[in-house]
1. Taking only pairs six or more apart or across chains, which ones have beta-carbon atoms under 7 Å, a first residue in region 76-87 that is in the same structural domain as Gln64 (by TED's automatic domain parsing) and closer than 19 Å to Thr114 by Cα, and a second residue that is in a strand (DSSP E or B) and of a type in the set (S, T, N, Q)?
2. Among the numbered criteria (1) in contact with a helix residue (DSSP H, G or I) (Cβ under 7 Å, 6 or more places away or on another chain); (2) surrounded by fewer than 15 Cβ atoms within 10 Å (Cβ to Cβ); (3) among the hydroxyl-bearing types (Ser, Thr, Tyr), which one does Ser37 miss?
3. Is there a residue in region 100-112 that is surrounded by fewer than 15 Cβ atoms within 10 Å (Cβ to Cβ), over 16 Å from the mean Cα position of the chain (by Cα), free of Cβ contacts under 8 Å to residues at least 12 places away in the same chain and farther than 20 Å from Met54 by Cβ?
4. For the condition assigned to a loop (DSSP other than H, G, I, E, B) and closer than 22 Å to Ala40 by Cβ, what is the one hit in Thr91, Thr99, Thr143, Thr105?
5. Taking into account only those residues within region 66-81 that are surrounded by 14 or more Cβ atoms within 10 Å (Cβ to Cβ) and within 18 Å of Leu104 (Cα to Cα), which is nearest to the chain's Cα centre (by Cα)?
Amino acid sequence: MNHNRRTLLKGSLAAGAVGAAVSAGLLTPRTVMAAWSKAAFEAKDVNAALTGAMGSADAATSDQIKLKAPDIAENGAVVPITVTSKIDGTTNMSILVATNNTPLTSTYELGPNTQGYISTRVKMAKTSDVIAVVKAGGKLYSTKKEVKVTIGGCGG
């Protein structure tokens, strides 16, 4: 019982110290509050979403981007997607689902020594092309794959 009280006291003191540091402005959650393009995520078509996220919708098809997604997704609410870019100088990567109400599912800004690799899960309303877009050297490159959704997409 004494051990539980010590753990509670330590946790309370630590939480209080962090709270005081945040309210004093000594500790700010900058990473959590990263900038994002509201217009890109609210866009209703692929070109508008790409322009908002990447600054352009003009992407050349590339075989240097590998998009791994299931041929058939049994549950549209959780579709696993992996994108790997072999293009030198990859700085940004985005994933779009063409027929979703808002096609842009995610966008990533990569650090200078980061490998061009992302893995995530996306929601799909219905059968659609999944599009991976990579920005490298100021140019956009893309690849796509059709994923068939059999049940329960994201409400479309």
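1. Here the result reads Ile81/Thr120; Thr82/Ser119, each pair linking region 76-87 to a residue that is in a strand (DSSP E or B) and of a type in the set (S, T, N, Q).
2. So the condition that Ser37 fails would be (2).
3. Among the residues of region 100-112, not one is surrounded by fewer than 15 Cβ atoms within 10 Å (Cβ to Cβ), over 16 Å from the mean Cα position of the chain (by Cα), free of Cβ contacts under 8 Å to residues at least 12 places away in the same chain and farther than 20 Å from Met54 by Cβ, which makes the answer no.
4. Thr99
5. Here the answer is Ile81.
The values are calculated or read from the model by the stated rules, or taken from the named source; none is laboratory data. Please read these numbers as outputs of a predicted model, since none were measured by experiment. Note that we place each Cβ from the backbone using ideal geometry, even for glycine, and neighbour counts take in every protein chain shown.
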